[in-house]
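Just so it is clear, none of the values below were taken in a lab; they were calculated from the coordinates. The structure displayed is predicted, hence computed values, not measured ones. Note that we place each Cβ from the backbone using ideal geometry, even for glycine, and neighbour counts take in every protein chain shown.
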Amino acid sequence: SQQGEEDPQALSIQEGENATMNCSYKTSINNLQWYRQNSGRGLVHLILIRSNEREKHSGRLRVTLDTSKKSSSLLITASRAADTASYFCATDSRGSRLTFGEGTQLTVNP
Amino acid sequence: GAGVSQSPSNKVTEKGKDVELRCDPISGHTALYWYRQSLGQGLEFLIYFQGNSAPDKSGLPSDRFSAERTGGSVSTLTIQRTQQEDSAVYLCASSATRTATEQYFGPGTRLTVT
C-alpha cells in the first residue's frame, strides 16, 4: 500500500495563481521528496526535504514538512501552463527504497 | 551524459506470452529500481538492486515476475505468462548511492496485454 497520500487528487487553477498540494504519511521518515510526472511517463525529481528541516525553497517551489503531523506541502507560486503535470510525494521510511503517493493532477489553465 | 533509458517504449502482447523489459541506468549508479504504474495511479515498487547485494524483491506481485541485473548495470524485468492486469507503465530508476536520495527515472515502457 502507498504510504504517502496526496490531496487534492486533482487541482485546476489559472495561470499566475499559486498551487498548493499536500502529502500525508504514516511512519517516521528520513526524508521526503517531491516528483513531477508529465504525460504518464518518467518522473523528475523536484526537491528533497530532510526530516530535520521544516521548509525548503527551490525557484518557484516551496516545500514544508511537519513531522509531528506527518505531512508535507508543495507550493508552486506564479503557476504557468507548463506546470501542468502530476505531482507525487515519496518517503523513504523503509530504508533505501521510496514509497510514492497516488499523486495530485495539476492543471494550469492559460 | 545519457539518462536512464528503457526499451521498448511500448509493448503490446497477447495474454499468456512472456515479455522482457530492459533498463539501462545512468553509468556509475549503483542502485536500480523497478516500479509499476497503472493508469492514473501512483507508483508501485517492484524490485531494487544495490551493487552486488541480493536484490529486494519484496514488491514483485507474483512468481511470474522476475528481474536480473547483469554486471551491475543493465537490468531486465521479465513477466511470464502475461495477464491483462499486468498492463501498466513499467518505470525504471537509478540512484548514485544506496540511500534513498534523488532517483533518476527512465521514460518507461507501456505494456498492453490483450
Within region B:64-78, of all residues that are surrounded by fewer than 18 Cβ atoms within 10 Å (Cβ to Cβ) and closer than 14 Å to B:Leu32 by Cβ, the one nearest to the chain's Cα centre (by Cα) is B:Thr76
Taking region A:2-43 and keeping only residues that are in contact (Cβ under 8 Å) with a residue 24 or more places away in the chain, at the interface with chain B (Cβ under 10 Å from one of its Cβ atoms) and among the charged types (D, E, K, R), one is left with A:Glu5, A:Glu6
Of the listed residues (B:Ala67, B:Ala88), the one being touching a residue at least 12 places away in the same chain (Cβ under 8 Å), within 11 Å of chain A (Cβ to nearest Cβ) and in contact with a strand residue (DSSP E or B) (Cβ under 6 Å, 6 or more places away or on another chain) is B:Ala88
Taking region B:10-27 and the residues there that are polar (S, T, N, Q) and assigned to a strand (DSSP E or B), the one that is farthest from the other protein chains (Cβ to nearest Cβ) would be B:Thr13
B:Pro61 vs (1) exposed (fewer than 15 other Cβ atoms within 10 Å of the Cβ); (2) in contact (Cβ under 8 Å) with a residue 12 or more places away in the chain; (3) in a strand (DSSP E or B): all pass except (3)
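Does B:Arg81 qualify as being part of a loop (DSSP other than H, G, I, E, B) and either exposed (fewer than 14 other Cβ atoms within 10 Å of the Cβ) or in contact (Cβ under 8 Å) with a residue 12 or more places away in the chain (or both)? Don't jump to the end; show me each part of the working.
Values: part of a loop (DSSP other than H, G, I, E, B): yes; either exposed (fewer than 14 other Cβ atoms within 10 Å of the Cβ) or in contact (Cβ under 8 Å) with a residue 12 or more places away in the chain (or both): yes.
Against the criterion (part of a loop (DSSP other than H, G, I, E, B) and either exposed (fewer than 14 other Cβ atoms within 10 Å of the Cβ) or in contact (Cβ under 8 Å) with a residue 12 or more places away in the chain (or both)), B:Arg81 qualifies.
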Within region B:84-114, the residues that are in a loop (DSSP other than H, G, I, E, B), closer than 24 Å to B:Asn52 by Cβ and under 13 Å from the mean Cα position of the chain (by Cα) are B:Gly106
Reported set for region B:94-114 where residues are surrounded by 18 or more Cβ atoms within 10 Å (Cβ to Cβ) and touching a His at 6+ places or on another chain (Cβ under 9 Å) is B:Ser94, B:Ser95, B:Gln103, B:Tyr104, B:Phe105
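Just to be sure I understand, how many residues within region B:28-43 are part of a strand (DSSP E or B) and more than 8 Å from every other protein chain (Cβ to nearest Cβ)?
Step one: list which residues in region B:28-43 are part of a strand (DSSP E or B), which gives B:31-37, B:43.
Applying the additional criterion that residues be more than 8 Å from every other protein chain (Cβ to nearest Cβ) yields B:32, B:34, B:36.
So the answer is 3.
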Here the residues within region A:30-45 that are surrounded by fewer than 19 Cβ atoms within 10 Å (Cβ to Cβ) and aliphatic (A, V, I, L, M) are A:Val44
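Regarding A:Thr27, is this residue buried (at least 18 other Cβ atoms within 10 Å of the Cβ), hydroxyl-bearing (Ser, Thr, Tyr), in contact with a strand residue (DSSP E or B) (Cβ under 6 Å, 6 or more places away or on another chain) and not in a helix (DSSP H, G or I)?
Numbers: buried (at least 18 other Cβ atoms within 10 Å of the Cβ): no; hydroxyl-bearing (Ser, Thr, Tyr): yes; in contact with a strand residue (DSSP E or B) (Cβ under 6 Å, 6 or more places away or on another chain): yes; not in a helix (DSSP H, G or I): yes.
For A:Thr27, the condition - buried (at least 18 other Cβ atoms within 10 Å of the Cβ), hydroxyl-bearing (Ser, Thr, Tyr), in contact with a strand residue (DSSP E or B) (Cβ under 6 Å, 6 or more places away or on another chain) and not in a helix (DSSP H, G or I) - is not met.
Being loosely packed, with under 15 Cβ neighbours inside 10 Å and either within 14 Å of chain B (Cβ to nearest Cβ) or touching a residue at least 12 places away in the same chain (Cβ under 8 Å) (or both) narrows it down to one residue among A:Ala81, A:Ala90, A:Ala85; which is it? Give the derivation first.
On the way: A:Ala90 fails: loosely packed, with under 15 Cβ neighbours inside 10 Å; A:Ala85 fails: loosely packed, with under 15 Cβ neighbours inside 10 Å.
On inspection, the qualifying residue turns out to be A:Ala81.
Out of A:Leu48, A:Leu106, A:Leu11, report the one residue that is surrounded by fewer than 21 Cβ atoms within 10 Å (Cβ to Cβ), more than 30 Å from B:Pro55 (Cβ to Cβ) and of a type outside the set (Lys, Arg). I'd like the intermediate steps shown before the answer.
Values: A:Leu48 fails: more than 30 Å from B:Pro55 (Cβ to Cβ); A:Leu106 fails: surrounded by fewer than 21 Cβ atoms within 10 Å (Cβ to Cβ).
Just one listed residue meets the conditions, A:Leu11.
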Exactly one of B:Leu32, B:Leu21, B:Leu39, B:Leu111 is out of contact with any Leu (no Cβ under 8 Å at 6 or more places or on another chain) and in contact (Cβ under 8 Å) with a residue 60 or more places away in the chain, and that residue is B:Leu32
